[in-house]
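Beneath this line is the structure, given in structure tokens, with notes to follow.
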Amino acid sequence: MGKGLILGIESSCDETAAAVVELGVRTLSSVVASQIDTHSRYGGVVPELASREHLRAIVPVVDAALKEAGVGLSDLDAIAVTSGPGLAGALLVGITYAKALAFAEDLPVIAVNHLEGHIHAVLLHEHEAGTERSPLDAKSAALALVVSGGHTHLYLAELQKQGWTYRLVGRTLDDAAGEAYDKVAKLLGLGYPGGPWIDALAKFGDPKAVPFAFARIKDKVHLRGKAPRTKAAKTAPIAELDSRFLFSFSGIKTAVLRYVELNSLREGVAERSAKILARAKPPKTHEEALALCPQAVLDLIASFQFAVIGDLMKKTFAAAESLGVKHILVTGGVAANRELRERFTKEASRHGVTVAFPTLALSTDNAAMIAAAAWPRFQAGEFAETALSADPSLALGVPNK
């Protein structure tokens, strides 16, 4: 082994990222090229445009990461790359470039699951912050909530001799929490991604104004022993999971739509949406959006966020109690949410457990988390085959029996 340097490459969705991490615990560089401006006009990620932007950015982003770290390709021990899940075309850009660099420098390639990367984003931050209570140092199990625009999953993560193992505990049946944020923000004429807009405006509303509720999810016993009906069911089966730890966010998204339709004339929601739509573009700043929002809209936004975070908390802490876990990791793009961090921290204190988050920069997609997750695999000699390709539906771990 050389210097313990791994170059990480991440291109699963709409960020082109590269980073150099030493020994899996020290970030020497982290460069991210965002595509928000490209996709914001559409209110969501357009896969073909994402692939094109990755092609434009991949070379300069990797060069910038190496330069920032003060290293060359010859100093590296391996190249890690996200192999899935994600957008097929976007993933292929990163994988193809990683394989080309590795071939040129005779370096091994390490394939990393994007979801595992998010979990290691917390562990990387814990190491760099020198937190003594880090579950990585304690060598004990942790319950990881990965919550983003594309994922809402609960995993039991355990550090064993051969490295980290993951067991699927819960997942969303439909929309991810971050996806619900994006769609509600788009409905109200706000910008993309929707999470930061809703979080910024929610603090000005009454979170109890609109009583959103989540229906109890029933056990899927009728699916046991049957072949999965969808590709998603194959990658994250639900029949074997405890229904108490299953999420569903399509209902609250529809509830917001119906609320707007039924109350728009009385409470000015339609008038406010018309003002924004007449501008042809969403507001550019949170202050501008606040000026356009009547109190009824702010209350609606606050109530939506309060309900979503409440559901995430309820099921995460119930799973932790059921599994006897004392460490909770919350990661992914939605983990950057101000209210989520505050409420999870208070609830953890009440339950006598610890909760950890990544930095704001490590919450969203980045390559440092990919390089960090690759380190245990590098030590174990788990290298990718030359035929490595993208797996848009790549699963992490096995379902909880």
(message) Anything in region 34-51 that is touching an Asp or Glu at 6+ places or on another chain (Cβ under 7 Å) and hydrophobic (A, V, I, L, M, F, W, C)? List them, or say none.
(response) VAL45, ALA50
(request) Those residues that are under 21 Å from LYS315 (Cβ atoms) and modelled with pLDDT under 95, I need them from region 105-141; list them, please. (result) PRO135, ALA141
(message) If I ask for residues that are basic (Lys, Arg) and buried (at least 17 other Cβ atoms within 10 Å of the Cβ), which ones from region 313-342 would you list?
(response) LYS315, LYS326, ARG341
(request) Could you tell me whether MET369 is out of contact with any Gly (no Cβ under 6 Å at 6 or more places or on another chain) and either among the aliphatic types (A, V, I, L, M) or within 20 Å of GLY94 (Cα to Cα) (or both)? (result) no
(request) Give, as residue ranges, the helices (runs of 4 or more DSSP H) completely inside region 99-195 that count at least 2 residues that are in the same structural domain as GLU382 (by TED's automatic domain parsing) and of a type in the set (Val, Ile, Thr). (result) 114-129
(request) Provide a single number: the residues in region 20-51 that are within 20 Å of SER74 (Cβ to Cβ) and within 18 Å of the chain's Cα centre (by Cα). (result) 1
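The values are calculated or read from the model by the stated rules, or taken from the named source; none is laboratory data. This is a predicted model, so every value here is computed, not measured. All Cβ positions, glycine included, derive from the backbone under ideal geometry; neighbour counts span all protein chains shown.
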